[in-house]
1. Given the options 45, 51, name the one that is in contact with a strand residue (DSSP E or B) (Cβ under 7 Å, 6 or more places away or on another chain) and either at pLDDT below 80 or outside the structural domain of residue 117 (by TED's automatic domain parsing) (or both).
2. Looking at region 195-208, can you tell me whether even one residue there is without any contact (Cβ under 8 Å) to a residue 60 or more places away in the chain, over 30 Å from residue 89 (Cβ atoms) and not in a strand (DSSP E or B)?
3. When only residues in region 82-93 that are without any contact (Cβ under 8 Å) to a residue 60 or more places away in the chain and under 14 Å from residue 61 (Cα atoms) count, which is nearest to the chain's Cα centre (by Cα)?
4. Please determine whether any residue of region 220-240 is outside any strand (DSSP E or B) and either more than 24 Å from residue 270 (Cα to Cα) or within 19 Å of the chain's Cα centre (by Cα) (or both).
5. For residue 178, which of the numbered conditions (1) without any contact (Cβ under 8 Å) to a residue 60 or more places away in the chain; (2) buried (at least 17 other Cβ atoms within 10 Å of the Cβ); (3) in contact with a strand residue (DSSP E or B) (Cβ under 7 Å, 6 or more places away or on another chain); (4) under 30 Å from residue 55 (Cα atoms) fails to hold?
6. Given the structure, is residue 256 crowded, with 17+ Cβ neighbours inside 10 Å, closer than 21 Å to residue 164 by Cβ and out of contact with any helix residue (DSSP H, G or I) (no Cβ under 8 Å at 6 or more places or on another chain)?
7. Restricting to region 1-39, count the residues that are at pLDDT 95 or above, loosely packed, with under 10 Cβ neighbours inside 10 Å and either under 25 Å from the mean Cα position of the chain (by Cα) or over 22 Å from residue 80 (Cα atoms) (or both).
């Protein structure tokens, strides 16, 4: 079986400076995806066919126009609108647990071979700078043709005193379900269980945007001309996330539950004319998790797939006049992934802590051309992806 993920992305943007105070910026994006292409060359015809087993083509067209108006040096207003159109076409869909059905692409999207959806968004942001405290406020509204609407505000307060600064941030964010999520959306009962009909098939349902609330306090200090330090503490709460479950052989998605984390990040930055380097440490602990799919056996403090501690070093330095070296080093503490025994019973498996190092070297010519080469995972750490949810997909078999 061969798997591929093909993407084509394009974007064009231009800033029209109407006058000293007003700038209007239109932007256009076109994207074409084959998000998951599964082919079989010598498959058993009774299980999977030869050729395309799963192929889905999607395209997205997005137009955006925004205006930035500077009333004076202390007050800026940004406003914009955005329209997005998405379409998908099923080319080849064979159901793994029922190959006798043949290619179901022509009816994959609720009885049709294609699906169209769109979304409209409008947003605004105001930046107000003054000697007492700097204030940034924003608001975004998005209406999706199939998933409903969402309204999210944000506000940030920043104060600088000599070499010290402090920032308070409250924000909301949302994530719209994608095409495959909406196609496989199912109904759930009060307890979050998928509703099944008399034939054992999940009952179709609707999805809504998942919502996240974030609270942050950040402070930093300029220790020296080339050296600064910062610390950030945060709380994130995600309500009604879109979760995946395999039910009676069917892929299903539904909104359910709450996930919350508390944590901190600390960083040390050195920067001068020859380059920079940055150390970053992060830690989190769950404060709420009502979704068993993300739970770790005998450890309520972490979520599947995510290390509680992470240490990162990265930087860029000039070796010679035009030759640069760019190292990165990552440390991940113990992580947990889910695996199955007998195809049914799920266990949490601990993956040991790991250090992974990468190195990239590049040379910059006078005419703007660069040439570079790099080595990934120099230490041969054999870093393995840890699935963030219980499922039948690798590496959870």
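1. Going through 45, 51 in turn, the sole match is 51.
2. yes
3. 84
4. Scanning region 220-240, I find at least one residue that is outside any strand (DSSP E or B) and either more than 24 Å from residue 270 (Cα to Cα) or within 19 Å of the chain's Cα centre (by Cα) (or both), so the answer is yes.
5. Condition (3) is where residue 178 drops out.
6. No, not satisfied.
7. 2
Residues checked against (1) closer than 22 Å to residue 175 by Cβ; (2) modelled with pLDDT of 95 or more; (3) under 19 Å from the mean Cα position of the chain (by Cα):
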residue	(1), (2), (3)
244	yes, no, yes
251	yes, no, no
256	yes, no, yes
266	no, yes, no
273	no, no, no
280	no, yes, no
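The values are calculated or read from the model by the stated rules, or taken from the named source; none is laboratory data. Here the structure is a predicted model, which is why all the values come from computation and not from measurement. Backbone-built Cβ (ideal geometry, glycine too); neighbour counts: all protein chains shown.
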